1. Determine which member of the set THR39, THR33 is at pLDDT below 95 and of a type in the set (Ser, Thr, Tyr).
2. Of everything in segment 11-67, what is assigned to a loop (DSSP other than H, G, I, E, B), among the hydroxyl-bearing types (Ser, Thr, Tyr) and within 15 Å of the ligand (Cβ to nearest atom)? Give them in sequence order.
3. Search segment 95-117 for residues that are touching a residue at least 60 places away in the same chain (Cβ under 8 Å) and pair each with any residue that is open to solvent by 30 Å² or more (accessible area, probe 1.4 Å) and in a loop (DSSP other than H, G, I, E, B) when their beta-carbon atoms are under 7 Å apart and the residues are at least 6 apart or on different chains.
4. Which one of the conditions (1) at pLDDT below 95; (2) surrounded by 22 or more Cβ atoms within 10 Å (Cβ to Cβ) does ARG90 fail to meet, given that it meets all the rest?
5. Whether any residue in segment 3-19 is open to solvent by 50 Å² or more (accessible area, probe 1.4 Å) and touching a helix residue (DSSP H, G or I) at 6+ places or on another chain (Cβ under 6 Å) is what I want to check.
6. Consider ALA141 against the criteria (1) surrounded by 13 or more Cβ atoms within 10 Å (Cβ to Cβ); (2) touching a residue at least 24 places away in the same chain (Cβ under 8 Å): it satisfies all of them except one. Which criterion is unmet?
7. Inspect segment 108-119 for any residue being within 11 Å of the ligand (Cβ to nearest atom) and open to solvent by 40 Å² or more (accessible area, probe 1.4 Å) and give the result as yes or no.
Amino acid sequence: MKYLVAYWSQTGNTKKVAEAIFMVLPGEKFIKTLDEVGTLDGFDLIFIGFPVMQFGPPPAVKKFLSDQVAGKKIALFVTHAMLSNTEDPRQQAILHKELEKCRSACSGSQLAGLFHCQGELSETVANELLSSHLPMLMEFAAMRPDTIGHPDQAELEEAEKFAMSVIAR
Ligand SMILES: Cc1cc2nc3c(=O)[nH]c(=O)nc-3n(C[C@H](O)[C@H](O)[C@H](O)COP(=O)(O)O)c2cc1C
């Protein structure tokens, strides 16, 4: 089996998850940023990771997915600022919608699974969002304290388990 881990990461959170997944893959394996990926041809399974931005995949990732994943066996890993296990129904609904957008951006692919976890909202990003004066973005900025330190060790171990379970199928 030949595996590829391909990721897009602005502040390093998704990169941490990518590296954790890469570590546990057996055999022939490669890790690349989306910019470095030429073709997805020739891989048996491709793990693709990115952060949620503005409630869905970032535009560059959306384009990559729509151009490249049709007919390919892929598994997604996604980081986001939302609490993964929130009890708040409104937050749950937002996260659900975000993840649906990520899935639906992969139409035509064989999607073998989706892993997601929280990723720290950097101080610079939080300050930018705060200065936007847009209520929705300011609400995100206020989440920063809850996101600090994520993905944590437990989440990285969950990502490793996810990768193992996908390749075992
Ligand atoms: C411009 C911008 C927009 C974001 N929008 C969202 C969002 O809509 N929903 C969300 O849950 N997180 C959002 N986030 C938080 C990121 O998804 C989160 O911090 C992620 O872990 C960043 O990953 P990275 O370090 O790999 O870039 C946003 C972050 C940025 C910078």
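The values are calculated or read from the model by the stated rules, or taken from the named source; none is laboratory data. Quantities reported herein were computed from a predicted structural model and do not represent experimental measurements. Virtual Cβ from ideal backbone geometry, glycine too; neighbours counted across all protein chains shown. For accessibility, only protein heavy atoms count, side chains too; no ligands or nucleic acids. Shrake-Rupley method; radii C 1.70, N 1.55, O 1.52, S 1.80 Å.
1. THR39
2. Once the filter is applied, which keeps residues that are assigned to a loop (DSSP other than H, G, I, E, B), among the hydroxyl-bearing types (Ser, Thr, Tyr) and within 15 Å of the ligand (Cβ to nearest atom), segment 11-67 yields only THR11.
3. These pairs meet every condition: ALA112/ARG169; CYS117/SER84; CYS117/HIS150.
4. (2)
5. yes
6. Condition (2) is where ALA141 drops out.
7. Yes: segment 108-119 contains one or more residues that are within 11 Å of the ligand (Cβ to nearest atom) and open to solvent by 40 Å² or more (accessible area, probe 1.4 Å).
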